[in-house]
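Below is one structure; the comments refer to it alone.
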Amino acid sequence: MYNYYAVSDTNNINVCPVGWDVPTDSEWTNLTDFLEDSGYGYGGSGSDIGKSMASTFGWTLSGTTGEIGNDQGSNNSSGFSGFPGGNRSGNGSFFNIGFNGNWWSSSEVNTSDAWYRFLFYITGFVNRNLSNTGSGFSVRCLRD
């Protein structure tokens, strides 16, 4: 789990290998738009692409068809393999492991907030939200 300080390009810290970067909010949108437009929604269409991006194990179980935690063996058709690593609070406590996966973007909104994407076990969607930059989330690196 990384706080935004470790993700931001302005701090000269790069959590990604040379030739790779943390995706911007726009690059995350490009990915989700591509998956929606390419039929990765649950049942082959729609914006419910969460199952196509979620790993095939580790999620809290859900009894509702189409949700990430239901029939996990059918997850990950896109190959993204998003794991439910949860998150870390600003005080260092870890929580939500198994319930959600959160990934920073490199796009800051203001000095205290930045965009991130998350998957939640009882939905079928990829969600976009703001978080305090002191929070700890996972990072996915994108090749330049």
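The values are calculated or read from the model by the stated rules, or taken from the named source; none is laboratory data. This structure is a prediction, so every number in the text was calculated from the model and none was measured. Every residue, glycine among them, receives a Cβ derived from its backbone with ideal geometry; neighbour counts consider all protein chains shown.
Before moving on, here are some points about what is shown:
- Number of residues in segment 17-53 that are out of contact with any strand residue (DSSP E or B) (no Cβ under 7 Å at 6 or more places or on another chain) and within 30 Å of Gly73 (Cβ to Cβ) equals 21.
Every residue, every condition in (1) touching a Ser or Thr at 6+ places or on another chain (Cβ under 6 Å); (2) free of Cβ contacts under 8 Å to residues at least 60 places away in the same chain; (3) within 19 Å of Tyr121 (Cβ to Cβ); (4) not charged (D, E, K, R), yes or no:
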| site | (1), (2), (3), (4) |
| --- | --- |
| Glu27 | no, no, no, no |
| Leu31 | no, yes, no, yes |
| Ser38 | no, yes, no, yes |
| Tyr42 | no, no, yes, yes |
| Ile49 | no, no, yes, yes |
| Ser52 | yes, yes, yes, yes |
| Ser55 | yes, yes, yes, yes |
| Trp59 | no, no, yes, yes |
| Ser62 | no, no, yes, yes |
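- Top-ranked residue in segment 1-16 [being touching a strand residue (DSSP E or B) at 6+ places or on another chain (Cβ under 7 Å) and closer than 16 Å to Leu130 by Cα; ranked as modelled with the lowest pLDDT]: Ser8
- Any hit, segment 105-121, residues being among the β-branched types (Val, Ile, Thr) and at pLDDT 95 or above: no
- Top-ranked residue in segment 85-144 [being among the β-branched types (Val, Ile, Thr) and within 26 Å of Gly39 (Cβ to Cβ); ranked as surrounded by the most Cβ atoms within 10 Å (Cβ to Cβ)]: Val126
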